[in-house]
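Colleague: Sharing a structure with you now.
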Amino acid sequence: MTSHATISIEPAGIRWQAMLPVVAVVVVAGFGLLSSDYVVTVLGFAFIYTIFCTGLNFFMGYTGQASFGQSAFAAIGGYGSAILCADYGWEPLLALFATMALSGVAAVIVGFPTLRLRGHYLAMATFALGLIVYEVTIEWTGLTQGYMGYSGIPPLGIAGYELVTVKQQLVALVVLALFGVAVAARLRQSRFGRALASIAGSESAALALGVDIARYKLVAFVIAALYASAAGSLFAHFIGFISPEVFGVTMVVQSFAMLYLGGIGTMWGPTIGAIIVSVLPEALRGLKEMQDIGYTAILIFILIFAPRGLAGLSALFGRVRGRVKEAA
Amino acid sequence: MHKRRMLICATMAVFAFSGKVSAEEVFKIGSSVGLTGYAAVVDRAWRDGLAVAAEALNEKGGLLGKKIQVITEDNHSQPQDAVVGYRKMISSDEVMLFNSGCVSAGNFAAASFVMQAKLPMYLCSILPQRENEQVWAFSFLAPPKFEIESRYRYLKEKTGIRKIGLLYDPTPYALMMKGLGEELAKDFGLEIVAQETYKADDADMTVQIGRINAAGGGAVVKIGQGGSTVTAAKNIKQLGLDKMLLLSSNDDGSIFSQAGEVLGDRFLFVAPPVQLPKQLQPGPSKDAVDAFLKYWKPKYPDRDPANSARAWDSMMVLAKAVEIASSTEGKAIRDATEKVPAYTGAYATFNFSDKQHVGITENPFLIGKFANGELVIAE
């Protein structure tokens with residue numbers, strides 16, 4: 001679905017340059033910690049979406065496939081954590097890992113037949129998956145409490161120590177988001193990551209090189225599901241409440257906006273996109289009823305002038321610098 | 001040059017000082033409303049009702065001399081956006097109370113930290129589910145039981161229909177009403193022969209209505225709001241069910257008019273007094289309706305007043321609570337709201353107490369119909 005053209009090639013850069021995005025994330029988080037709970041909440045959502053989009057990037061960016069159904073795994077994570085913690089008194093972290101495992105199994109079961117499809121058919125199938133789980137969260141009121149939602153979900157914590165304030169939770173979310181990006185980066189640079197890149201480039205060529213396409217696609221799908229599930233769980237613990245609306249089509253649209261705006265197929269694109277898409281509407285809040293118009297106009301503007309996303313600009317600047325050096 | 005600097009400094013000091021004074025004289029009310037998304041119709045009415053009430057109260061000097069300022073934040077009918085909006089209104093705007101719209105999930109999601117901030121929540125929606133959160137929340141929504149009882153009583157007393165079908169959407173309020181509908185049917189000598197569900201954006205309900213008809217249902221008790229009521233009316237007509245009644249939940253008057261034009265006097269609806277003002281008898285209820293319409297009609301002559309009247313009533317209850325508390329501090333207003341004596345408003349009579357945080361305790365609803373181009377009481 002996603003052609004090789006969308007896979008940005010980032011310059012390797014020297015070590016201190018590679019650390020710049022990490023520093024930027026820490027600075028943003030630090031700004032949040034010095035601000036009000038309002039700013040912390042906005043940034044908290046941004047880092048939860050960073051995790052979600054980093055997983056989605058694995059499947060859509062690195063592997064070049066389409067998935068409109070990742071919200072289904074976020075719902076499994078969110079409701080799983082809510083039920084295990086609120087009803088059965090589980091430790092939040094334990095519940096997070098348990099629901100990730102459950103989402104992984106669900107991804108294998110769903111992905112095995114679905115990933116035989118390609119292009120638009122795969123997109124439709126994954127979209128259907130998202131809709132099915134959304135309907136289940138509404139209709140299976142005995143389990144999910146339907147539109148009434150699940151409340152009383154404890155904040156993230158470990159061994160009886162709860163992160164009570166939103167600022168403490170923001171620190172945890174930043175650490176987890178950076179960990180998620182680091183794992184994704186490591187996997188991308190591995191043999192496995194190169195196999196995914198070959199699938200994204202050309203499935204026929206990858207097959208000719210001996211890449212087991214079906215297997216690699218499935219593993220990428222499962223990894224994306226694990227990230228989505230973790231994001232869903234973290235959302236539940238961060239807010240303390242979930243309802244079906246959280247995991248609806250809005251989540252899919254928002255995550256796509258983040259991915260494409262930040263730079264699909266790039267390491268830091270999901271993070272950049274998640275922060276900008278979360279913060280921008282707040283910066284435009286003063287526009288009142290024109291807020292949505294202003295917000296979408298800026299998104300369109302960015303996508304026109306940075307079609308490979310904001311993270312792709314680094315490659316562009318790198319090329320310009322190279323040409324200047326050559327000319328010199 | 002020196003004089004100019006002095007003048008600038010003096011001007012800045014005056015502005016800074018006057019800013020502080022005006023901040024102290026304002027009573028800020030935060031309102032999280034779904035101005036877009038599924039709750040837009042009700043919540044836009046809620047927002048406008050709050051604004052009209054604030055204007056009326058400010059004309060009388062505000063609350064304890066403080067001018068009321070209503071700060072609204074659009075939650076897009078999404079809980080995540082509601083959380084951000086609530087946080088913003090607490091941290092940045094420093095509101096003293098919330099008076100929010102009907103997006104239940106948004107209000108539920110924010111309830112825990114609003115409670116921690118010790119701010120009362122007046123709500124268009126149902127109360128949050130957790131008891132400790134309910135302590136700070138007051139609902140101005142009529143219990144679902146009343147809407148069901150009004151329709152069942154009408155069927156029992158005015159018609160020969162004894163077999164009915166329930167057609168409901170999966171929203172929290174509708175599900176509560178549907179559960180009560182099952183419980184109460186026998187008390188009115190009614191039998192529920194079919195229960196069918198629909199989604200708010202369904203464009204066709206002929207299958208559900210056909211099933212109710214096939215099961216012998218003579219009336220469809222529709223539970224849920226929005227354009228789906230008009231769809232149901234059209235589907236009954238399309239199916240040629242000439243004797244089937246459609247009894248709708250309370251909704252916007254424009255919906256009633258559209259459905260009434262399709263089904264005529266076979267379309268009936270639940271309405272508070274303010275929606276049928278011409279036929280009200282003199283008394284406290286009519287006085288309250290007139291007091292509200294005096295401000296509402298000049299601004300919005302063509303709009304239905306029902307949900308705005310509820311918002312208006314919530315502000316009048318607030319005014320009484322502040323008067324009792326002699327304070328605009330959150331905890332004092334919360335405590336005083338429980339002590340406000342029964343207040344007859346434009347929408348209903350509100351009876352809050354320490355054990356009763358759902359204000360409407362007496363059934364305010366009438367059964368209306370559409371006749372000669374207007375909404376009237378069904379005889």
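Colleague: Tell me, please, whether a residue that is among the basic types (Lys, Arg), assigned by TED's automatic domain parsing to the domain that holds B:Val220 and out of contact with any Ser or Thr (no Cβ under 8 Å at 6 or more places or on another chain) can be found in segment B:301-323.
Modeller: No, the conditions are met nowhere in segment B:301-323.
Colleague: Next question, about the same structure. Does A:Ala101 satisfy the criteria of being part of a helix (DSSP H, G or I), within 18 Å of the chain's Cα centre (by Cα) and surrounded by fewer than 24 Cβ atoms within 10 Å (Cβ to Cβ)?
Modeller: Yes: the conditions hold for A:Ala101.
Colleague: Quick one: which of B:Thr361, B:Thr344, B:Thr349, B:Thr337 is of a type in the set (Val, Ile, Thr), touching a residue at least 12 places away in the same chain (Cβ under 8 Å) and crowded, with 24+ Cβ neighbours inside 10 Å?
Modeller: B:Thr337
Colleague: A further question on this structure: Tell me yes or no: at least one residue of segment A:53-63 is modelled with pLDDT of 90 or more, closer than 23 Å to A:Phe192 by Cα, part of a loop (DSSP other than H, G, I, E, B) and more than 14 Å from chain B (Cβ to nearest Cβ).
Modeller: Yes - at least one qualifying residue is present in segment A:53-63.
Colleague: A further question follows. Looking at A:Val222, is it of a type outside the set (S, T, N, Q) and either within 14 Å of chain B (Cβ to nearest Cβ) or within 17 Å of B:Pro79 (Cα to Cα) (or both)?
Modeller: For A:Val222, the condition - of a type outside the set (S, T, N, Q) and either within 14 Å of chain B (Cβ to nearest Cβ) or within 17 Å of B:Pro79 (Cα to Cα) (or both) - is not met.
Colleague: Quick check, is B:Phe370 under 19 Å from the mean Cα position of the chain (by Cα) and either buried (at least 21 other Cβ atoms within 10 Å of the Cβ) or modelled with pLDDT under 95 (or both)?
Modeller: no
Colleague: Right, here's the next one. Out of all the residues in segment A:154-176, is one or more under 30 Å from B:Ala39 (Cβ atoms) and more than 22 Å from the chain's Cα centre (by Cα)?
Modeller: yes
Colleague: Turning to a different aspect of this structure: How many of the residues in segment B:35-75 are under 17 Å from B:Ala306 (Cβ atoms) and out of contact with any Pro (no Cβ under 9 Å at 6 or more places or on another chain)?
Modeller: The number of residues fulfilling the criteria is 13.
Colleague: Give the residues of segment B:129-140 that are more than 24 Å from B:Phe27 (Cβ to Cβ) and in a loop (DSSP other than H, G, I, E, B), sorted by residue number.
Modeller: Hits for segment B:129-140 are B:Gln129, B:Arg130.
Colleague: In segment B:272-314, how many residues are among the charged types (D, E, K, R) and within 25 Å of B:Phe352 (Cα to Cα)?
Modeller: Final tally of qualifying residues: 5.
Colleague: Still on this structure: Does A:Ala311 satisfy being out of contact with any Asp or Glu (no Cβ under 8 Å at 6 or more places or on another chain) and either crowded, with 22+ Cβ neighbours inside 10 Å or part of a helix (DSSP H, G or I) (or both)?
Modeller: no
Colleague: Taking only segment B:180-218 into account, find how many residues are surrounded by fewer than 18 Cβ atoms within 10 Å (Cβ to Cβ), at pLDDT 95 or above and among the small types (Gly, Ala, Ser).
Modeller: The number of residues fulfilling the criteria is 5.
Rundown of residues vs (1) in contact (Cβ under 8 Å) with a residue 60 or more places away in the chain; (2) within 14 Å of chain B (Cβ to nearest Cβ); (3) at positive phi; (4) touching a Gly at 6+ places or on another chain (Cβ under 6 Å), yes/no style:
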site: A:Leu122; (1), (2), (3), (4): yes, no, no, no
site: A:Ala128; (1), (2), (3), (4): no, no, no, no
site: A:Ile138; (1), (2), (3), (4): yes, yes, no, yes
site: A:Gly142; (1), (2), (3), (4): no, yes, no, no
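Colleague: Something else: If we scan segment A:163-175, do we find a residue that is surrounded by 20 or more Cβ atoms within 10 Å (Cβ to Cβ), in contact (Cβ under 8 Å) with a residue 12 or more places away in the chain and touching a Lys or Arg at 6+ places or on another chain (Cβ under 9 Å)?
Modeller: yes
Colleague: Follow-up. I need the full set of residues from segment B:132-155 which are among the basic types (Lys, Arg) and crowded, with 23+ Cβ neighbours inside 10 Å, in order please.
Modeller: B:Arg151
Colleague: Here's a check for you: in segment B:265-286, which residue that is without any contact (Cβ under 8 Å) to a residue 40 or more places away in the chain and more than 16 Å from B:Asp304 (Cα to Cα) is surrounded by the most Cβ atoms within 10 Å (Cβ to Cβ)?
Modeller: B:Arg266
Colleague: Still on this structure: Can you tell me which residue among A:Glu245, A:Glu282 is in contact with a Lys or Arg (Cβ under 9 Å, 6 or more places away or on another chain) and not basic (Lys, Arg)?
Modeller: A:Glu282
Colleague: Looking at (1) within 14 Å of another protein chain (Cβ to nearest Cβ); (2) modelled with pLDDT of 90 or more; (3) more than 19 Å from the chain's Cα centre (by Cα), find the lone condition where A:Leu287 falls short.
Modeller: (2)
The values are calculated or read from the model by the stated rules, or taken from the named source; none is laboratory data. In this text the structure is predicted, and so the values were computed from the model without any measurement. Methodologically, a virtual Cβ is constructed for each residue, glycine included, from the backbone with ideal geometry; neighbour enumeration extends over all protein chains shown.
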